[in-house]
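Peer 1: Please see the structure below; I have some questions.
What follows draws every value from the coordinates through simple rules; no lab data is involved. These numbers were taken from a predicted model, which means no experiment stands behind them. Positions of Cβ are backbone-derived with ideal geometry, glycine not excepted, and every protein chain shown enters the neighbour counts.
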Ligand code: UDP
């Protein structure tokens, strides 16, 4: 272990505090909130419902359509509202991260809309969005083989750390900051990994190992939030 200190005093493999709640949007078929430190994501699921326009229907399987949006008030420098290149890319990535656990062939010609809104952002928003969407899909009763857990690892001053805050993400160690969002099933199958920056294979293995351990904790939090929603009759 190095003497390296994180700005908020966390250990290298320590996540920010997480909170989750299911059933937050009554009009939606399924909904959830996931908070990691100061990053808060909400997700609302509508569907499966008939896909319109008709030419977008797939007679073999349903379509998972995710829309990621960072609200303009989510950071102190107001973000321009509306879709951007970044939000379009993240929406696609979220679809890819979630699709492997869904049986979309059961729902031909339909669409499952997942709207993900980041209402407060302090890095790790795509991971928070994926965690919120995973719970919202389960809450909507969409059959899933497993839940999807997501967390970001990164390299800070040559040390691999978990769940970077914005302050840490902005840190430049001479090689550029490294951010590695990772998503996986509870059985440990990776469904998403992005790598922005420079890292060697040993460091990458360590990052994935750290993510694996924390995903067990995220699974417990997601599961508890889903059970709590059922227990209060909100299913
Ligand atoms: N961010 C911002 N304005 C933007 C985009 C991002 O302030 O237009 C901040 C926000 O805190 C976000 C962080 O930069 O969480 C990191 O963004 P990135 O694109 O790396 O994705 P994320 O880590 O949120 O998945």
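Peer 1: In nm², what is the average projected area of the convex hull enclosing the Cα atoms of segment 95-182? All intermediate terms of the calculation are to be shown ahead of the outcome.
Peer 2: Details: hull surface 26.8 nm².
For segment 95-182, averaging the hull's shadow over all directions gives 6.7 nm².
Peer 1: Counting alpha carbon pairs within less than 8 Å and at least 6 residues apart, what relative contact order, in whole percent, applies to segment 67-173?
Peer 2: Values: 129 pairs, mean separation 28.4, N = 107.
Once normalised by length, the contact order is 27 percent.
Peer 1: Would you kindly state how much longer the chain becomes between residue 86 and residue 231 on full extension, computed as 0.36 nm times their sequence separation minus their alpha carbon distance, in nm to one decimal? Numbers along the way, then the final one.
Peer 2: Working: separation 145, 0.36 × 145 = 52.20 nm, distance 3.79 nm.
In short, 48.4 nm is gained.
Peer 1: Peptides 72-81, 185-194, 162-171: what's the order by average Cβ count within 10 Å, highest mean first? Spell out each step's value before the answer.
Peer 2: Values: 72-81: 11.3, 185-194: 15.3, 162-171: 18.6.
Output ranking for 72-81, 185-194, 162-171: 162-171, 185-194, 72-81.
Peer 1: Using Cα pairs under 8 angstrom and six or more residues apart, how large is the relative contact order of the chain, in percent? Could the numbers behind the result be given before it?
Peer 2: Working: 527 pairs, mean separation 52.9, N = 235.
Rounded, it is 22 percent for the chain.
Peer 1: If all Cα-Cα distances of segment 52-114 are sorted into 10 Å bins from 0 onward, what percent lands in each bin, rounded to whole numbers?
Peer 2: 21, 39, 27, 11, 1
Peer 1: Another one. Relative to the first principal axis of the alpha-carbon coordinates of the chain, what is the inclination of helix 125-139, with its axis defined by its Cα atoms, in degrees from 0 to 90 and to the nearest 10?
Peer 2: 30
Peer 1: I want the antiparallel fraction of DSSP beta bridges within segment 1-119, as a percent rounded to 5. Intermediate values should be presented prior to the final figure.
Peer 2: On the way: 20 of 28 bridges.
Percentage antiparallel, nearest 5: 70.
Peer 1: Can you tell me the 0 to 90 degree angle between the C-alpha axis of helix 201-231 and the longest principal axis of the chain, rounded to 10?
Peer 2: That helix lies at roughly 40 degrees to the long axis.
Peer 1: What do you get for the angle between helix 85-98 and the principal long axis of the chain? Use alpha-carbon atoms, 0 to 90 degrees, nearest ten.
Peer 2: In the chain, helix 85-98 runs at an angle near 70 degrees to the longest axis.
Peer 1: At q = 0.08, 0.09, 0.10, 0.16 Å⁻¹, work out log10 I(q)/I(0) for the chain with the Debye formula, treating every Cα as an identical point scatterer and leaving solvent out; two decimals please.
Peer 2: Log10 of I(q)/I(0), two decimals: -0.29, -0.37, -0.45, -1.11.
Peer 1: Now for a different question. Using Cα pairs under 8 angstrom and six or more residues apart, how large is the relative contact order of segment 1-104, in percent?
Peer 2: Values: 93 pairs, mean separation 15.2, N = 104.
The normalised contact order for segment 1-104 reaches 15 percent.
Peer 1: Ok, one more. Can you work out the FRET efficiency for the pair residue 190 and residue 27, with r the C-beta to C-beta distance and R0 = 35 Å, to the nearest 0.05?
Peer 2: On the way: r = 34 Å, r/R0 = 0.97.
So, using R0 = 35 Å, E works out to roughly 0.55.
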